[in-house]
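K.L.:
One structure, pasted below without further comment.
Rule-based calculations on the coordinates, nothing more; no lab input. Model, not experiment: these values are computed from the prediction. As a convention, Cβ positions derive from the backbone with ideal geometry for all residues, glycine included, and neighbour counts pool all protein chains shown.
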Amino acid sequence: MELEPLPIGTSGRLQAIGLANASGSHAVLVREAGEPRALLIGEPPAAGRERLVVTPLDDDVELRVDGDALALWISEGSLLPQRLESVPGWASAVGLIVLLVMLALAVLGSLTFFSWLASVLG
């Protein structure tokens, strides 16, 4: 979910945009002319203060890259609006059938290969 941008710097070309993911974690995306420049996130505190992690997204940002923190924040949930919709039952049934067919083909292929291998070697 994207909030109203806040101008940064003297020119006003840099903008800070508040973001929230599906788990309720918040971050700030800094962009210039629509291009992302940096992402600011808070890392959960182990003891004491929460650690602020600034992740550069282009070459003109002079900061330490902490890709693990970025990956953890993104993995907590989607950046899409927090709207949960259930999957229809027929879609789950089709997925299960496709999964079972693929499993059956894998077993059949393995049996065919190993029986061929046994006849060649034996």
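K.L.:
How large is ³J(HN,Hα), in whole Hz, for each residue of region 51-61 in order, when computed from phi with the Karplus curve 6.51 cos²θ - 1.76 cosθ + 1.60 and θ = phi - 60°, using x for Gly and Pro?
P.N.:
8, 8, 10, 10, 10, x, 10, 8, 7, 8, 9
K.L.:
Tell me which residues come under 5 Å, amide H to amide H, from L14 once H is placed; ignore anything under 5 positions away on its chain.
P.N.:
Long-range HN contacts for L14: I8.
K.L.:
Tabulate in residue order the Karplus-calculated ³J(HN,Hα) for region 30-44, using 6.51 cos²θ - 1.76 cosθ + 1.60 with θ = phi - 60°, rounded to whole Hz; enter x for Gly and Pro.
P.N.:
Computed from phi, the couplings for region 30-44 are 9, 9, 9, 6, x, 8, x, 10, 7, 10, 10, 9, x, 8, x Hz.
K.L.:
Which ³J(HN,Hα) values in Hz, rounded to whole numbers, follow from the phi angles of region 116-122 under the Karplus curve 6.51 cos²θ - 1.76 cosθ + 1.60, where θ = phi - 60° and Gly and Pro get x?
P.N.:
Calculated HN-Hα couplings, in order: 5, 5, 5, 6, 6, 7, x Hz.
K.L.:
How do 113-119, 24-30 rank on mean C-beta neighbours within 10 Å, highest first?
P.N.:
The densest-packed peptide leads the list: 24-30, 113-119.
K.L.:
Loop-only check: which trypsin sites (Lys or Arg not before Pro) in region 22-64 are DSSP coil with at most 12 other Cβ within 10 angstrom?
P.N.:
Working: sites: R31, R37, R49, R51, R64; in loops: R49, R64.
Here the trypsin sites (Lys or Arg not before Pro) that fit, given the DSSP loop and packing criteria, are R49, R64.
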